[in-house]
1. Taking the stated definitions as given, is Gln74 under 19 Å from Gly125 (Cβ atoms) and free of Cβ contacts under 8 Å to residues at least 12 places away in the same chain?
2. Show the residue pairs that are 6+ apart or on different chains and have beta-carbon atoms under 9 Å apart, the first residue being within segment 91-105 and in a helix (DSSP H, G or I), the second being hydroxyl-bearing (Ser, Thr, Tyr).
3. Report yes if Asn120 is of a type outside the set (Gly, Ala, Ser) and not in a strand (DSSP E or B), otherwise no.
4. Six or more apart or on different chains, Cβ under 8 Å: which pairs go from a residue in segment 17-36 that's on the phi < 0 side of the Ramachandran plot and modelled with pLDDT of 90 or more to one that's open to solvent by less than 80 Å² (accessible area, probe 1.4 Å) and of a type in the set (Lys, Arg)? Could you list them?
5. Return the pairs, sorted by first residue and then second, in which the second residue is among the acidic types (Asp, Glu) and open to solvent by 30 Å² or more (accessible area, probe 1.4 Å), the first residue lies in segment 128-157 and is farther than 10 Å from Ala78 by Cα and at pLDDT 95 or above, the beta carbons are less than 7 Å apart, and the residues are 6+ apart or on different chains.
6. Could you please give the count of residues in segment 96-112 that are closer than 21 Å to Ala20 by Cβ and surrounded by 14 or more Cβ atoms within 10 Å (Cβ to Cβ)?
7. Out of curiosity, is Met80 in contact with a Pro (Cβ under 7 Å, 6 or more places away or on another chain), aliphatic (A, V, I, L, M) and touching a residue at least 60 places away in the same chain (Cβ under 8 Å)?
Amino acid sequence: MRTQILAGLLMLSGSASAAADYSRTLWSFVLGQATTPPVVDSRIMGDIVMRMWVKPPSVPAEGVFVLYMPRLSQAHWAVMLIGPRGRAGEFVGASSLTFVKTMVSPKRPSEKMNLYRLGNGMFKGLYVSEGTVSDKAGKAHRVLMLLTPQMLREELSPGDVLGR
């Protein structure tokens, strides 16, 4: 009887600690291999590729936005999740996030993004930023961005992507 109770408790604790991992799904968006077509798929003079999915069925978020700058390098890409439902580590498949700094928007000082470096998982060594930004209508959105070190140097503002 005790063995059955212990086995049951171990199974429950194991399933409760298993977190979601959307890293492969995010990578499929970066590669343009998502299961659903993007709502927006634009290329600006070959310099910038932008793709956007609204309410993608494979990710618990209101939207997914991919930005790629192939003319600079293949390493210049970022994925932004708008309204993600879950913890940052779940979306990037990392259990080890190291706080780097808090970034403050020069245009809107009330908007802050916390920046973390990923210590493990598929995107180890990349960065994830998390915070709340407002769109041009003033509505606040939780935003999560996965960034390569190269894109981090470009100092992207999630608010600019949301059309402010």
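1. yes
2. So the pair list comes out as Phe91/Tyr22; Phe91/Ser23; Phe91/Thr25; Val92/Tyr22; Val92/Ser23.
3. For Asn120, the condition - of a type outside the set (Gly, Ala, Ser) and not in a strand (DSSP E or B) - is met.
4. Within 8 Å, the pairs are Phe29/Arg51.
5. Leu144/Glu130
6. The qualifying residues number 1.
7. yes
Yes/no per residue for (1) open to solvent by 40 Å² or more (accessible area, probe 1.4 Å); (2) β-branched (Val, Ile, Thr); (3) part of a loop (DSSP other than H, G, I, E, B):
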{"residue": "Asp21", "(1), (2), (3)": "yes, no, yes"}
{"residue": "Trp27", "(1), (2), (3)": "yes, no, no"}
{"residue": "Gln33", "(1), (2), (3)": "yes, no, yes"}
{"residue": "Pro37", "(1), (2), (3)": "yes, no, yes"}
{"residue": "Ser42", "(1), (2), (3)": "no, no, no"}
{"residue": "Met50", "(1), (2), (3)": "yes, no, no"}
{"residue": "Trp53", "(1), (2), (3)": "no, no, no"}
{"residue": "Pro56", "(1), (2), (3)": "no, no, yes"}
{"residue": "Val59", "(1), (2), (3)": "no, yes, yes"}
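The values are calculated or read from the model by the stated rules, or taken from the named source; none is laboratory data. As the structure is a computational prediction, the values presented were derived from the model and not from experiment. No Cβ is skipped: glycine too gets one built from the backbone with ideal geometry, and neighbour counts run over all protein chains shown. Protein only, heavy atoms only, side chains kept; ligands, DNA and RNA dropped before computing areas. Shrake-Rupley method; radii C 1.70, N 1.55, O 1.52, S 1.80 Å.
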